[in-house]
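Please read the structure below before turning to the comments.
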Amino acid sequence: MSKSRRLLVLAVAVLLLGGLAAALVLRSASRGEKPQAGSPAVAAGTVTLTRPGSLAFLNGGQGPHRGALASVPADAPESERTASELTCQRFHAAAGTGVCLRSTPGALAQDNKALIVDSELRTLRSFPLAGTPSRARVSPSGRFAAWTVFVSGESYGAAFFSTRTAIVDTRTWKLEANLEEFAIDMDGRQHRAQDVNFWGVTFSKDDDTFYATVSTGGETHLVKGSISGRSVKTLAKNVECPSLSPDETRIAYKKRVRAGASLWREHVMDLGTLREHALAEKRSVDDQAAWLDDRTLAYGLPTDGAADSTDLWTVPADGSGTPRLLAPGASSPARLG
Amino acid sequence: MYLADRSAPASGGAKTAPDRGPVRAPAVASTVLALGTVSMITDISSEMVTAVLPLYLIAGLGLSPLGFGALDGVYNGVSALVQLTGGHLADRVRNHKLIAGIGYGLSAACKPLLLLAHSLGPISVILTLERTGKGLRTAPRDALISLSTPPELQGRAFGVHRAMDTTGALLGPLAAFLILSLTVDGYDAVFGVSACVAALGVVVLMLFVPSGGRTAQAPPQAKATATDAATTAADATATDATAVPDAGRPAPVRLRDALGLLRLPRLRNLAVCAVLLGLTTVSDAFVYLLLQRRTGIGDQWFPLLPLGTAAVFLLLAVPAGALADRIGRRTVFLTGHALLLAGYGLLLWAPDWPALPFLVLALHGMFYAATDGVLPAAVAATVPGELRATGMALVGTGQALARFGCSLAFGGAWTLWGTGPALAGAAAGLLCCAAVAGFVLRPSAPQDTRTTAPNPKPVRPPR
């Protein structure tokens, strides 16, 4: 092929591929302007974190308000969603305090922040994050907020994985930036190791006790911790992303069902007896479930047939019943009020 | 094809190329520029995906840290072993471009597939295939670079290629973040555009890169090198493979020829050194984590640390390669590791200077500039043309597996002893391995071939 012929072919390829790329970007950009058929109805409005009887989540439906914090009446989750201006990747709220983990594209790298918001969604504080938002929780009293980020130092090819979990006191703004500095009591012995990773904090009402996942030596442990004592103690193995029930008698969590496989089933453990039972959900749940009340759990699952979207499902906490779709195109559920 | 002719190494003699007057060594062979462009475009494509993948998987699909961790570290083994296969296949079919093209094509085909996968299993499969493509293409591509460049300019050629490659790696995230800011949750747009960019890379490869590996066209000098090496090895197998008749068709390359390569003392020495040094090279992620722990850099700066290393690498890759051609690749290669050692030293013992993060990142980038392209340049000087890709793959695979082993060992040491002692251990190991490398590489320093060859032979131009 002569040089000019090759340049011609190149020019045609650039035009075709460039056109296709531009079309993809434009399609993806215009998607934000109009709602798509089949997406849940959403309208802009005011979301307050203290409105009783409502359910908050991040709206994942295609169209405007994608990624926005939205609320619906808890007894009519299919009704029109009220969307706020606040957009997050992860969200949780309790008693008028919200934590919003946000990742925005920056000039050179993504810019990750944790925002603590009040009941009117005004930002009270913002904390820079070292990595990609993963888990967020607020204590039942609204005083403490916790978040987990995934820290990656390079491309996905590295034999390496690290998280960072922080707890902030929204009254004093004292920040525990890295729970790995807490003392770990593992089966009665002080455990010191550098491969410790914390994630998935859940708080008790007493504003001191919390539960979390600790991974070390290739195993995940459920730990019970004290914020004031800056320490944690292991309770059980193979427990990830715990969630404390409102009556504080049980922990819901995901349990790896086969060693080595990325397959998890949602379980509930009685904290008094440490006995566990599986829930009716048979699909692999990779989320930190949220209690809607003492009998019901909500969690996200990837939308069937669509990438980059999750639906919220509920299942009874006692292992009976069947999973039920709570809200399509939604994530990060939190019961308000 | 005249491109192929022009890309043949300019030999010492006054050979004339059909389309030009007397061959004068060009600054950089057009093949190298074409391959550099392909790598740059491909790296834009793959780094676009890499930049948004954690957010897509963790925030978008809700994977837990352990779920995402399961994705990590799976591919190194795959990629390293595939590299060996790719290198050998390229030599076997004597069409480096074909194998490299298949590798680039496979990676490109995986990008749109990411749009369809929405759980960990399929995503793992797609990413593994993507890595397989990367593994396949690496060795034939490096062989093409070395075969298109005169021996005395190998370092610079690889420097140019690596600098272009890194430019792509820096542009990729920029493109991805630009698309994300223009769209609403536009991961699909990022993956789609990435696929288009990757396809463009394949087009450029097909149009502007000659197939290379046409050992029939190997210049007299390359053959002399091969024969020297084979005689040195006193190895009948290697002689078989390298005794290229002057008539067009070379003998077919067989698997045992590839294994016979390890009997070439100079290649074996390089491979041993690459493995030893790889075993003590702490993975980048650990370096950045250590740097943050040591200096308390704010969390918001953490994602920028790899960019610091890349920027220094980009600036210095070409000068370092050219320097290696002038003063010797061994010297530059070992200096690179000395700079890395200095970086470890700073992390371990330096006081809390405000400049510390910059110094460490600069040293880290200089280490890559002085080694990443210089090693293949040195390998090129030891392997006969018809086994070039295999030789590149042998050293590359050894290094990759060693670095993977180092990651595991360093993780273990970190767990047992803590950060400081683990890094001190790595530094001590690096010092020992560098000393061994300095000794092992000494008699066969690339710029002085006479010391290795027991038989008298013509002196080659200095490199």
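Some points to look at:
- Just one of (1) touching a Phe, Trp or Tyr at 6+ places or on another chain (Cβ under 9 Å); (2) open to solvent by less than 10 Å² (accessible area, probe 1.4 Å); (3) outside any strand (DSSP E or B) fails for A:A114. It is (3).
- Condition check for A:R66: more than 10 Å from every other protein chain (Cβ to nearest Cβ) and among the basic types (K, R): no
- Filter result for B:F313 (out of contact with any helix residue (DSSP H, G or I) (no Cβ under 7 Å at 6 or more places or on another chain), modelled with pLDDT of 90 or more, in a helix (DSSP H, G or I) and open to solvent by 10 Å² or more (accessible area, probe 1.4 Å)): no
- Any chance A:L301 is at pLDDT 95 or above, open to solvent by less than 60 Å² (accessible area, probe 1.4 Å) and farther than 19 Å from A:S141 by Cα: no
- Tallying residues that are modelled with pLDDT under 95 and in a loop (DSSP other than H, G, I, E, B) within segment A:208-243 yields 4.
- For segment A:1-51, a residue qualifies if it is part of a loop (DSSP other than H, G, I, E, B), within 30 Å of B:V38 (Cα to Cα) and of a type in the set (S, T, Y), and exactly one does: A:S2.
- Check on A:V149, open to solvent by less than 10 Å² (accessible area, probe 1.4 Å), at pLDDT below 95 and of a type in the set (A, V, I, L, M): yes
- The set of residues in segment B:255-310 that are among the small types (G, A, S) and either open to solvent by 30 Å² or more (accessible area, probe 1.4 Å) or under 17 Å from B:A437 (Cβ atoms) (or both) comprises B:A271, B:A274, B:G278, B:G296.
- Set B:L401, B:L423, B:L441, B:L431: member being touching a helix residue (DSSP H, G or I) at 6+ places or on another chain (Cβ under 7 Å), away from every other protein chain (no Cβ under 14 Å) and buried (at least 17 other Cβ atoms within 10 Å of the Cβ): B:L441
- Any hit, segment A:187-201, residues being in contact with a strand residue (DSSP E or B) (Cβ under 6 Å, 6 or more places away or on another chain), part of a strand (DSSP E or B) and open to solvent by 40 Å² or more (accessible area, probe 1.4 Å): yes
- For segment A:117-147, taking the residues that are outside any strand (DSSP E or B) and among the hydroxyl-bearing types (S, T, Y), the one that is farthest from A:D294 (Cα to Cα) is identified as A:S119.
- Out of B:L347, B:L363, B:L359, sole residue that is without any contact (Cβ under 8 Å) to a residue 24 or more places away in the chain and either touching a His at 6+ places or on another chain (Cβ under 6 Å) or assigned to a helix (DSSP H, G or I) (or both): B:L359
- Taken over segment A:282-330, the residue count meeting the criterion of being more than 14 Å from every other protein chain (Cβ to nearest Cβ), part of a strand (DSSP E or B) and acidic (D, E) is 1.
- One residue from A:L244, A:L235 being more than 25 Å from A:S152 (Cβ to Cβ), open to solvent by 10 Å² or more (accessible area, probe 1.4 Å) and more than 21 Å from the chain's Cα centre (by Cα): A:L235
- Selection count where residues are touching a residue at least 12 places away in the same chain (Cβ under 8 Å), surrounded by 13 or more Cβ atoms within 10 Å (Cβ to Cβ) and within 14 Å of another protein chain (Cβ to nearest Cβ), scope segment A:18-58: 7
- Test: residue in segment B:289-297 that is within 30 Å of A:K113 (Cα to Cα), of a type in the set (S, T, Y), modelled with pLDDT under 90 and more than 17 Å from the chain's Cα centre (by Cα): yes
- Residue list for segment A:66-87, restricted to those being open to solvent by 30 Å² or more (accessible area, probe 1.4 Å) and within 23 Å of B:A59 (Cα to Cα): A:T82, A:E85, A:T87
- Residues satisfying the stated conditions in segment A:127-147, i.e. facing chain B (nearest Cβ under 7 Å), without any contact (Cβ under 8 Å) to a residue 60 or more places away in the chain and under 13 Å from the mean Cα position of the chain (by Cα): A:T132, A:P133
The values are calculated or read from the model by the stated rules, or taken from the named source; none is laboratory data. Because the structure is a prediction, the values reported are computed rather than measured. All Cβ positions, glycine included, derive from the backbone under ideal geometry; neighbour counts span all protein chains shown. Remember, those area values only see protein heavy atoms, side chains included, never the ligands or the DNA or RNA. Shrake-Rupley method; radii C 1.70, N 1.55, O 1.52, S 1.80 Å.
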